[in-house]
Amino acid sequence: MISRRQFIGRASAAAAYAAFQTEVSFANPLNLPAGIQLYSVRQQLAQDYDGTLLEVSKAGYTEVEAAGFYNKSAAEVKQAMQKAKLRCVSSHHPYGDLRKRFDEILAYNKDLGVQYIICSSPGPKDPTPGPDGKQKAMTLDDWKWLSEEFNKFGAKTKAAGITFGYHNHVHEFEHLDGGVPYTELLKLTDPTKVTLELDCGWATVAGVKPVDLMREHPNRFSMLHVKDFKLGSGGPESAKVTELGMGDIDYRPIFAEAAKTQKLRHIFVEQEAFDVPWKESLKIDADYIKKLKA
C-alpha cells in the first residue's frame, strides 16, 4: 500500500519521464541516428585518428561516413570505430580513384562493413588534362557517360551487398549544353543500382530547393548531407559555410519533406569549415539535428 501523496508523486515522475522519452525519440523528425561526414574533421583525423573519433562520439554522433582512411587497414579502422562506439555506414571516393582501382576500393569497404560507397566528385570520359594541366570541364555528354559508369559500379557493389551512390555539389545543377547534369543523373542512373545522397546545403547554394527534389523524386534519395551557409548576393561563390542554425538555410521544411519518404536511411552533418572551435562546432551541429522540430 502507498499513500495518496506517494501515488501522485510517482505518477508525476512517470509522466515527466514519458514526456522526456517522447522528446528524445521525436525531437529529430527523421527519427534517424545522428551522423557526420568525417571530412568535417579531416585535419584532426590526420593528427590523431583514434582520439578524434572519440571526440566525434562525445559530441553526440553515432554514425559516420568516411572520406579517406589515412593509410589504415580496414581492421584498424574497425577497431578505432568500435572503441569510439561509432558505426561507419558509408564512405566517399572521388571518381578518379574509383576509375583506377574500383575492385580494391570495393574489397576494402566490404572488409570494413560499410553499407554504401559514394562517389564524391565526378570525372570526364577523357581524363587527359587540358593545356593548363587541369581537368577539362565536364560536358553534358560526360555526365551521360558517367551515369552509365555509375550503373556498372552499382551492379558490382550490389553483388557484394553494398549500395553505390553519388553525392552532389553545385555544378550538377548548372545549365550545360542545353541540359542539367543532375537531371541526366536522375534520368539515366538505374534506381535499383544507384542511390543519390542529396547535399541539401550545396543544392540550396545552387538555387535548387531540396524540398522540390525530394517531392519530385521521392524514392531516389537514401541519405542527406546537412550543412548551413550564409548566402551572399553574389551567387554560389559568395556563400560562406557556418554551423547549423547560424546561417540562412531552414531545415524544418526539408526534414518535414524527407520524413515522408520510406527510402531515407541516414543523415550526415558535414561541417566543411569552423566558425568556432571544432569540438564546439560538432556539438552545435549534433544538437541542432536532434532538437529540430519540423
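What's the number of the only condition in (1) under 23 Å from the mean Cα position of the chain (by Cα); (2) at pLDDT 95 or above; (3) not β-branched (Val, Ile, Thr) that Ala75 fails to meet? It is condition (1) that Ala75 fails. What about Asp199, is it touching a Gly at 6+ places or on another chain (Cβ under 6 Å) and either at pLDDT 95 or above or surrounded by 23 or more Cβ atoms within 10 Å (Cβ to Cβ) (or both)? Taking the combined requirement at face value, the residue does not satisfy it. Among residues that are assigned to a helix (DSSP H, G or I) and in contact with a helix residue (DSSP H, G or I) (Cβ under 7 Å, 6 or more places away or on another chain), Leu198 is not included. Glu216 meets each of the listed conditions (1) within 20 Å of Ser90 (Cβ to Cβ); (2) free of Cβ contacts under 8 Å to residues at least 12 places away in the same chain apart from (1). Quick one: which of Ser147, Ser120 is in the same structural domain as Thr261 (by TED's automatic domain parsing), under 30 Å from Gly245 (Cβ atoms) and touching a residue at least 40 places away in the same chain (Cβ under 8 Å)? Just a single option satisfies the conditions, and that option is Ser120. For region 116-128, indicate whether the set of residues that are surrounded by 11 or more Cβ atoms within 10 Å (Cβ to Cβ), within 21 Å of the chain's Cα centre (by Cα) and farther than 23 Å from Phe173 by Cα is non-empty. So far as region 116-128 goes, yes, one or more of its residues are surrounded by 11 or more Cβ atoms within 10 Å (Cβ to Cβ), within 21 Å of the chain's Cα centre (by Cα) and farther than 23 Å from Phe173 by Cα.
Applying the criterion of at least 2 residues that are hydroxyl-bearing (Ser, Thr, Tyr) to the helices (runs of 4 or more DSSP H) found wholly in region 20-137 leaves 49-59, 95-112.
The values are calculated or read from the model by the stated rules, or taken from the named source; none is laboratory data. It should be emphasised that the depicted structure is a prediction, and the values quoted were computed from it without experimental measurement. Note: ideal-geometry Cβ built from the backbone for every residue, glycine included; neighbour counts use all protein chains shown.
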